[in-house]
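Structure first, then comments.
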């Protein structure tokens with residue numbers, strides 16, 4: 001609009017000068033002025049058109065400004081060699097800050113055990129505390145403290161959710177807490193191997209998980225709490241006696257033999273959603289500003305195969321941060337998944353990021369793949385969180401110096417985050 005105003009002023013000045021130079025303003029001058037006006041109209045139109053295009057192109061960027069960019073990394077049991085040493089933790093947090101990361105997600109619930117001294121777990125008789133640092137210190141407390149000193153958010157991660165190994169004390173001591181398939185079997189195969197599933201509909205299971213979560217957010221100076229794709233239930237499960245009786249009581253029908261029956265799936269998904277609402281309320285009652293974070297699979301998979309209706313969680317305003325796990329080696333498949341409508345919807349509501357695979361112990365990921373995926377996410381206004389710390393540069397196909405330079409190029413400037421206001 002500034003350019004249009006200047007053009008208008010120039011044009012009117014020109015007319016005024018012409019009038020003063022010839023006070024008689026003879027009729028013969030009028031055609032000349034009209035022709036001048038007509039010749040300038042296309043220029044004004046072009047300026048207006050370009051201005052509109054520029055403003056429209058800026059709208060998406062402006063819409064994303066209030067959203068804090070997520071630059072995180074999951075810290076797993078595989079990172080224990082780093083976690084147990086205070087000096088290594090200090091070095092790790094310093095390095096992450098130097099590379100302009102802003103969030104860590106340390107595991108606190110894995111394989112039926114917690115990674116900190118838990119009165120709740122000990123009260124349940126499932127665990128003497130064994131995950132201590134080299135000098136006997138509380139690893140989680142040290143990690144959070146070191147992260148905060150460097151301006152990083154610390155959001156503990158309940159990795160296993162309702163999942164547990166069949167040989168864990170939790171599974172062996174509380175068999176009534178487990179759910180089962182229609183044929184009576186209780187295990188499934190996951191990335192963690194053979195596992196059983198705690199019954200998410202059982203009130204004692206819900207209370208146990210709630211106790212652990214509340215204990216974490218009150219015992220430690222955390223910035224939030226995170227639940228991933230295992231805060232769910234594979235659709236084949238739910239045929240245990242407790243769940244069958246509950247479903248029959250509420251619907252007057254027994255569960256269908258087809259585990260993917262629409263009404264049966266919806267009933268179970270809604271029950272998990274109701275529990276997540278209660279869990280959110282329990283967290284916020286103790287720490288109102290805690291970030292309630294979820295990191296599921298993309299929605300179609302999460303709901304159809306895991307009964308995890310995270311879109312409903314988000315629409316019910318219990319999710320403060322979303323990180324969707326998209327572990328794909330193929331760039332086109334990765335791009336297709338991060339372009340889904342539900343992710344775009346989330347971006348308008350909360351900080352949203354994509355889980356990017358940086359490698360596994362037996363499956364290293366090249367830096368070129370990581371960079372192409374991060375840039376694809378960034379071009380869509382999405383943050384990223386990497387799985388997992390050790391594979392950022394310590395266990396990688398390229399030398400550490402090359403990996404470090406690669407991450408520096410992805411995050412050349414800081415992107416500070418703060419806990420919820």
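The values are calculated or read from the model by the stated rules, or taken from the named source; none is laboratory data. For clarity, every value in this text was computed on a predicted model and none was experimentally measured. Methodologically, a virtual Cβ is constructed for each residue, glycine included, from the backbone with ideal geometry; neighbour enumeration extends over all protein chains shown.
Using the structure shown, decide if residue 119 is assigned by TED's automatic domain parsing to the domain that holds residue 235, under 30 Å from the mean Cα position of the chain (by Cα) and closer than 27 Å to residue 385 by Cβ. Answer is no for this residue.
Looking at residue 418, is it within 23 Å of residue 107 (Cα to Cα), in the same structural domain as residue 322 (by TED's automatic domain parsing) and either assigned to a helix (DSSP H, G or I) or modelled with pLDDT under 95 (or both)? It is false that residue 418 is within 23 Å of residue 107 (Cα to Cα), in the same structural domain as residue 322 (by TED's automatic domain parsing) and either assigned to a helix (DSSP H, G or I) or modelled with pLDDT under 95 (or both). Is it true that some residue in region 249-262 is buried (at least 21 other Cβ atoms within 10 Å of the Cβ) and in contact with a helix residue (DSSP H, G or I) (Cβ under 9 Å, 6 or more places away or on another chain)? No, there is no match, as no residue in region 249-262 is buried (at least 21 other Cβ atoms within 10 Å of the Cβ) and in contact with a helix residue (DSSP H, G or I) (Cβ under 9 Å, 6 or more places away or on another chain).
Here 244, 214, 205, 283 are screened, and the one residue that is within 28 Å of residue 344 (Cβ to Cβ), assigned to a helix (DSSP H, G or I) and in the same structural domain as residue 343 (by TED's automatic domain parsing) is 283. Scan region 317-336 for residues that are touching a strand residue (DSSP E or B) at 6+ places or on another chain (Cβ under 9 Å) and without any contact (Cβ under 8 Å) to a residue 60 or more places away in the chain and the total you get is 8. Being assigned by TED's automatic domain parsing to the domain that holds residue 102 and within 19 Å of residue 415 (Cα to Cα) is the requirement here; does residue 381 meet it? When the stated conditions are applied, residue 381 passes them.
Here residue 310 meets the list (1) more than 25 Å from residue 185 (Cβ to Cβ); (2) surrounded by 21 or more Cβ atoms within 10 Å (Cβ to Cβ); (3) out of contact with any strand residue (DSSP E or B) (no Cβ under 6 Å at 6 or more places or on another chain); (4) without any contact (Cβ under 8 Å) to a residue 24 or more places away in the chain almost entirely, failing just condition (3).
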